[in-house]
1. For the residue pair Ile355 and Arg256, what label-to-label distance in nm results when each label sits 7 Å from Cα along the Cα-to-beta-carbon direction?
2. Tell me which aspartates and glutamates have Cα within less than 17 Å of Lys376's Cα, excluding those fewer than 8 residues away on the same chain?
3. Would you order Asp59, Asp329 from fewest to most other beta-carbon atoms within 10 Å of each residue's own beta-carbon?
4. Can you work out the FRET efficiency for the pair Trp427 and Glu284, with r the C-beta to C-beta distance and R0 = 56 Å, to the nearest 0.05?
5. Would you work out the relative contact order for the chain, in percent, from Cα pairs under 8 angstrom that are 6 or more residues apart?
6. Checking a compactness column here: for region 359-449, what do you get for Rg(Cα) / (2.2 N^0.38 Å), N being the number of residues?
7. Give the value in nm², to one decimal: projected area of the alpha carbon convex hull of region 204-245, averaged over all directions.
8. Residue by residue, what Karplus-based ³J(HN,Hα) values in Hz, rounded to whole numbers, does region 347-363 have, using 6.51, -1.76 and 1.60 with θ = phi - 60° and x for Gly and Pro?
Amino acid sequence: MKSDLFGLENVYYTKNQTDYSDNLLDKIYENGFTDYSKEGISSYFTFRYPVLENTMFEDFKRFDACVELKNEKVEHYFYPTFDEQNITEKDAINKSEKLLINAIEKLIKGKKRIGIMLSGGLDSSLVLAILKKYFKGIELYTYSCGFYGEDEFEYSDLVAKLFSDKHQKFILGKDDFIGENSILASLIKEKCAPLHPNELPLAYAERQAKLDCCDVVLCGEGADDLFGGYGKNLRMYLNFENNKQTYVEYLLDNYRYFTQEEVKKLIKDEYFVDDVELIKSVFEEPTCPKDVKNKMFYFIQRLHTKGLIERGNNACKYNGLEAGFPFIDMDLLKFINTVPFNLKVKYKDGFFDEICGSGDYREVSEKCDFPKYILKKIGEKYLPLDVIYRKKYGFPVPFAQWLGDINELTLNKKVFKTNDISFLNGWKKYMVINLNTFINVFEKYRKGE
């Protein structure tokens, strides 16, 4: 039994390491659990999902990424590495393109009808365009989600008109997320964890892909993680050198979704864990880069990407669909991790570290960066420039509008110490609703209750 790098294959086990399974929900049904995991709950507030070997249940752990059980021994068989090679920009672009095409080919081999989750951004649009250009005899069905007054349909419509055989759009509202008929609780049960906010739109759209008899659903998740799409995070190193904190302390102070103070206001002390202690071992691994620039890439691929891919995989599994993530192909990952940092997160002409290092890294990234440079150059061969070079928008779920006026919730007193959520923004309020729903869904399986 083994796990993969990004959460498509997981192995769960009991604390005494005598019982292994690839289905955590079945184990919860069979045996129940004694309590929620303090590491899982604290991890959720910082990262949006339990990290490393943690689940949301005290009784169950899971294999870390790329771990194999062989001859009763548990060993890592792969870590991401960043041994940069001397390569020209042209060669980096051409080889990345070939590897991406090969990754797509592996996922669609023998398939006739392909679904694509189309945001209208570079990543999913490029996958669709490559499919249209190189793979004949298949049908391309595309799906996009938006919200009343908040969507990116202008761009997804443009791309779909060029490359899709059938395109469908879904406009979602507050009730789809937290209403009586929302699939929130059932999707949480499938995952055995609270959801990322984007999981619900994926699940709703992929329900239609199932009805359309798609053989596999592809998406652009993972492109940012390999090609340098998180420009602000990847420029964080600029402000670290004069900082007295350790790297992991500095990183989390600038990364956390909830502050530690907010978490302590919300949950009981017995469910709070210092998140620095949760992950500091990652930065002590022999494979962790010495170069401070690539430390963030290492953090992303060791911790962040897995949660991202698991949310997409969960939405597909919920609908009985096969999921495909071409950007996390192992051959592509191994190559792109050897490409120099400054070809993935490239400064615009006239900018470099010596000039930008005195500024706030967020502002530097916004004004001076050419993020995901290689992927954008590949995109120029396939897509309209308006799609490639538009401002990155993010998925605009209007939680501030939906939840901004809600200052109290009836929260489960097993974990929460207060009903007051007035100090949180709309996005964080939804995360609290998610965790509370998770607790309410699984409470009946808790032993002794």
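1. 3.6
2. Glu89, Asp91, Glu97, Asp123, Glu221, Asp224, Asp225, Asp349, Glu366, Asp386
3. On the way: Asp59 18, Asp329 21.
Arranged by neighbour count, lowest to highest, Asp59, Asp329 become Asp59, Asp329.
4. On the way: r = 32 Å, r/R0 = 0.57.
Calculated value: 0.95.
5. Numbers: 731 pairs, mean separation 104.2, N = 449.
After rounding, I find 23 percent.
6. Values: Rg = 21.0 Å, N = 91, 2.2 N^0.38 = 12.2 Å.
Expressed relative to 2.2 N^0.38 Å, the Cα Rg reads 1.72.
7. On the way: hull surface 20.0 nm².
Averaged projected area of region 204-245's Cα convex hull equals 5.0 nm².
8. Calculated HN-Hα couplings, in order: 6, 5, 3, x, 10, 7, 4, 4, 7, 8, x, 7, x, 5, 4, 5, 5 Hz.
Rule-based calculations on the coordinates, nothing more; no lab input. Values in this document were obtained by computation on a predicted structure and should not be read as measured data. Heads up, the Cβs are rebuilt from the backbone with ideal geometry, glycines too, and the neighbour counts pull from every protein chain shown.
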